[in-house]
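The values are calculated or read from the model by the stated rules, or taken from the named source; none is laboratory data. Source: prediction; values computed, not measured. Note that we place each Cβ from the backbone using ideal geometry, even for glycine, and neighbour counts take in every protein chain shown.
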Amino acid sequence: MGRLIAGRWHTEEEIPRSADGRFVRSRTRFHARVSAEPGALHPVAAGRYHLFLSWACPWAHRVHIGLELLGLGPAISTCFANAHMGEQGWRFGPGLAEVPDEVVGIDRLWELYLRADPRVDGRATVPVLWDRERGTIVNNESREILRMLSTELAPLHREGAPQLCPPELRERIDEVIDAIYEPINNGVYRSGFANTQEAYEEAVGELFAALDHWEAVLAEQRWLCGDRLTEADICLFTTLVRFDSVYVYHFKCNLRRLVDYPNLWGFTRDVYQRPGVAGTVHLDHVKRHYYGSHPSVNPRGIVPVGPRLDLESPHGRERLGG
């Protein structure tokens, strides 16, 4: 793990934490948007954009799922980083990446950040949406990229693509994404990277309180925002699908397993079985990344062989409609 400071890469072993041992997530740096407005800096155009992703990262995974569900693969090219993230960060070079970058020609993701801003500060994270014509980063915030895929890029959707953010549900979708972010999406990291017992127990307590809440919600409805799959479901799914394989063991989120929650586990299988989603899930890759890339958490880098999860088993969620 490392970071850019005034355009220079610095390696470091320490996870960013506050003085009281709490994990502190770095803010994303690029927040421009693809737009259909006349004269837009980044206009809607097939073949213009490229996504730098990782099969391991849950934030990149949510973008990958959106891309597949909406049928945007022919319009937006992709590459996928190597599972191991060492001192040089995410790697995309030939022979290193799962799917190498053949658009920009970088080996390390931080090189891409320098092309966008030679004096950039911060961590080099995925996902990254790259504008080929302008030669710069459009956005590196997963939630904002997913929203662009759902809305601004609608003219490029496949015929019959789902509406992941219909106008009438947008406010509710944003409320749910906000509600699950800190205790669940970020909560597993707050637990795993905590540096004190107090910080760890605080994070784990909030995580499982939130899981208990959404378990009850999903007992009454099929999806988080009602009777249809939305961006909110994708944002929860990418954490839940990693839960028993990684977060229970590696991040000590072991009060309960996902399979101990009938509705959350059924929900996870329901999303997984949507056409196009299963092909985005690479749990062997996920485990190699987490257990091999965090020496402060797992010094020997040993990857557990389990657990065995049957994501193809019937989920029974049809009884709730939707």
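Quick notes on this one:
- Of all residues in segment 244-268, exactly one satisfies the criterion of being surrounded by 20 or more Cβ atoms within 10 Å (Cβ to Cβ) and either among the charged types (D, E, K, R) or assigned by TED's automatic domain parsing to the domain that holds Gly66 (or both), namely Asp244.
- Among the residues making up segment 294-312, those that are surrounded by fewer than 18 Cβ atoms within 10 Å (Cβ to Cβ) and either closer than 20 Å to Asp233 by Cα or within 19 Å of the chain's Cα centre (by Cα) (or both) are Asp310, Leu311, Glu312.
- Test: Ile184 is crowded, with 19+ Cβ neighbours inside 10 Å, in contact with a Cys (Cβ under 6 Å, 6 or more places away or on another chain) and not in a loop (DSSP other than H, G, I, E, B): no
- The set of residues in segment 101-112 being closer than 15 Å to Phe80 by Cα and either in contact (Cβ under 8 Å) with a residue 12 or more places away in the chain or in a helix (DSSP H, G or I) (or both) consists of Asp101, Glu102, Val103, Val104, Ile106, Asp107, Arg108, Leu109, Trp110, Leu112.
- Residue match in segment 67-84 (condition: out of contact with any helix residue (DSSP H, G or I) (no Cβ under 7 Å at 6 or more places or on another chain), among the hydroxyl-bearing types (Ser, Thr, Tyr) and in a helix (DSSP H, G or I)): no
- Filter result for Phe208 (aromatic (Phe, Trp, Tyr) and without any contact (Cβ under 8 Å) to a residue 60 or more places away in the chain): yes
- The set of residues in segment 275-310 that are of a type in the set (S, T, N, Q), within 29 Å of Leu67 (Cβ to Cβ) and either assigned by TED's automatic domain parsing to the domain that holds Thr11 or modelled with pLDDT under 95 (or both) contains only Ser293.
- Candidates Ile76, Ile106: the one that is in the same structural domain as Arg33 (by TED's automatic domain parsing), crowded, with 20+ Cβ neighbours inside 10 Å, within 18 Å of Glu133 (Cα to Cα) and over 19 Å from the mean Cα position of the chain (by Cα) is Ile106.
- Filter result for the condition that a residue is at pLDDT below 70 and under 19 Å from the mean Cα position of the chain (by Cα), over Phe23, Phe30: Phe23
- Residues of segment 34-55 that are within 17 Å of Glu102 (Cβ to Cβ) and surrounded by fewer than 22 Cβ atoms within 10 Å (Cβ to Cβ): Gly47, Arg48, His50.
- Matching residues in segment 273-287 - criterion: being buried (at least 19 other Cβ atoms within 10 Å of the Cβ) and either of a type outside the set (A, V, I, L, M) or free of Cβ contacts under 8 Å to residues at least 24 places away in the same chain (or both): Thr280, Lys287
- Here Arg115 qualifies as under 21 Å from Ser77 (Cβ atoms), at pLDDT below 95 and outside any loop (DSSP other than H, G, I, E, B).
- Residue match in segment 169-183 (condition: assigned by TED's automatic domain parsing to the domain that holds Pro43 and among the hydroxyl-bearing types (Ser, Thr, Tyr)): no
- Lone qualifier among Glu159, Glu175 - being more than 30 Å from Pro118 (Cα to Cα), at pLDDT 95 or above and outside any helix (DSSP H, G or I): Glu159
- Among the residues of segment 218-253, the ones that are within 16 Å of Asn185 (Cβ to Cβ) and over 20 Å from the mean Cα position of the chain (by Cα) come to 0 in all.
- The combined condition, being farther than 16 Å from Pro262 by Cα, touching a Pro at 6+ places or on another chain (Cβ under 6 Å) and of a type in the set (Asp, Glu), is fulfilled by Glu206.
- Against the criterion of being closer than 23 Å to Leu96 by Cα, β-branched (Val, Ile, Thr) and part of a helix (DSSP H, G or I), Val286 qualifies.
- Taking segment 187-241 as the range and being buried (at least 18 other Cβ atoms within 10 Å of the Cβ) and outside any helix (DSSP H, G or I) as the test, the residues that pass are Phe193, Ala194, Leu218, Arg222, Trp223, Leu224, Cys225, Leu229, Thr230.
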